[in-house]
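Visitor: Got a structure for you, written out below as structure tokens; questions coming shortly.
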Amino acid sequence: MGDATTTTGPAEAELAEAGLRLELDGAVATVTLNRPERRNAMTFATWRGLAAIGRSLPAGVRVVVLRGEGPSFSAGIDLGMFSGGGEGFADGADAEATDRFIAELQEGYTWLRRPDIVTVAAVQGHAIGAGFQLALACDIRVIADDTGFCMKEPALGLVPDLTGTKPLVEVVGIGRALELCLTARTVRADEAARIGLAETVVPRDALDGAVRDLVEALLAVNPGATVATKRLLWQAAENTLDEQSAAERREQIGRLREMFGK
Ligand code: ACO
């Protein structure tokens with residue numbers, strides 16, 4: 001975003017190979033899916049590259065924006081990988097090896113929930129399959145009014161396995177999640193906003209500005225309170241009221257010590 005500085009070093013070529021671009025601008029990291037000529041279709045290298053970005057994020061980064069270059073956020077898995085006879089896929093014959101294989105790819109998504117960063121998906125055009133799941137892996141979704149979300153995997157004989165099923169159910173509920181996945185229909189922007197899949201919907205040409213405004217607002221809040229509050233909110237659904245109340249107390253003690261401790 002803006003006058004961001006592109007990272008240098010060996011990782012840059014590796015990321016370019018994976019269809020990714022990383023820009024660091026102070027406390028903001030912008031990760032761009034950068035294969036617009038393929039509608040940002042993603043390969044195994046893309047997911048490994050995302051995991052590598054998560055592992056190597058500088059300590060000062062507070063907000064990560066995930067965006068897609070060109071008309072679409074992401075058309076999901078690169079279908080060319082299937083036409084190669086599935087080469088490079090673990091085929092499930094060895095369950096343990098396949099489990100490890102998928103777990104490694106999932107690491108490209110799970111870091112986006114880390115409490116030390118707030119992650120924002122900036123979505124336009126299509127967000128299909130693995131692309132939809134990437135948006136779901138982020139904390140907040142800001143979308144353009146031309147967005148269509150589609151969980152295509154079941155229509156291709158697969159299940160969504162890039163960590164998307166949990167946030168989908170959390171956001172829209174089990175009935176709607178079933179209906180969306182088992183019909184593989186496309187959810188348009190207005191419905192997405194209505195059912196909670198997007199926090200904000202803006203005209204297509206206002207997307208970058210809306211994301212910039214959101215990032216600015218996020219950065220204006222106390223960093224320690226942001227981390228503690230994200231940690232707190234993400235456990236709320238699983239905790240009992242007693243557990244969550246105790247978690248609030250624990251976090252507040254940490255805040256009070258940091259703010260007023262000697
Ligand atoms: N994998 C590989 N190439 C793709 C993919 C993909 N997932 N999606 C689009 N492309 C390519 C197209 O083949 C086309 O290439 P070409 O210019 O050489 O013909 C180029 O990107 C542009 O695609 P168009 O279809 O022309 O673009 P359009 O904007 O009209 O449509 C759309 C975009 C809707 C995304 C369409 O391309 C599509 O349906 N793609 C497949 C989506 C899909 O099934 N993904 C898998 C989901 S399941 C999962 O992710 C696990």
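Visitor: Using helices alone, what [θ] at 222 nm do you get for the chain, with -39,500 (n - 2.57) per DSSP H run of 4 or more residues, divided over all residues and rounded to the nearest 500?
Guide: -14000 deg cm²/dmol
Visitor: Normalised by the residues of region 5-219, what does the relative contact order come to in percent, with Cα pairs under 8 Å and at least six apart?
Guide: Over region 5-219, the number comes to 17 percent.
Visitor: Which one of 156, 144, 246 is farthest out on the positive end of the charge dipole of region 142-262, using unit charges on Cβ (Lys, Arg +1; Asp, Glu -1) and the Cα centre as origin?
Guide: It is 246.
Visitor: Considering only DSSP beta bridges whose two residues both sit in the chain, what percent are antiparallel, to the nearest 5? Please list the in-between numbers first.
Guide: Values: 11 of 34 bridges.
Bridges in the chain that DSSP calls antiparallel: roughly 30 percent.
Visitor: What number comes out for the charge environment of residue 150, summing +1 per Lys or Arg and -1 per Asp or Glu over other residues with Cβ under 11 Å away?
Guide: After counting each charged neighbour, the total is +2.
Visitor: Give, as a single signed number, the net charge of other residues whose beta carbon lies under 12 Å from the beta carbon of residue 109, with Lys and Arg counted +1 and Asp and Glu -1.
Guide: Values: positive: 48, 113, 114, 166; negative: 104, 107, 161.
Local net charge: +1.
Visitor: Average the reciprocal distances over every distinct pair of alpha-carbons in region 5-219, invert the result, and give the Kirkwood radius in Å.
Guide: In region 5-219 this quantity evaluates to 17.3 Å.
Computed from the coordinates by the stated procedures, all read-outs in this text should not be read as laboratory data. Remember, predicted model here, so these are calculated numbers, not experimental data. Every residue, glycine among them, receives a Cβ derived from its backbone with ideal geometry; neighbour counts consider all protein chains shown.
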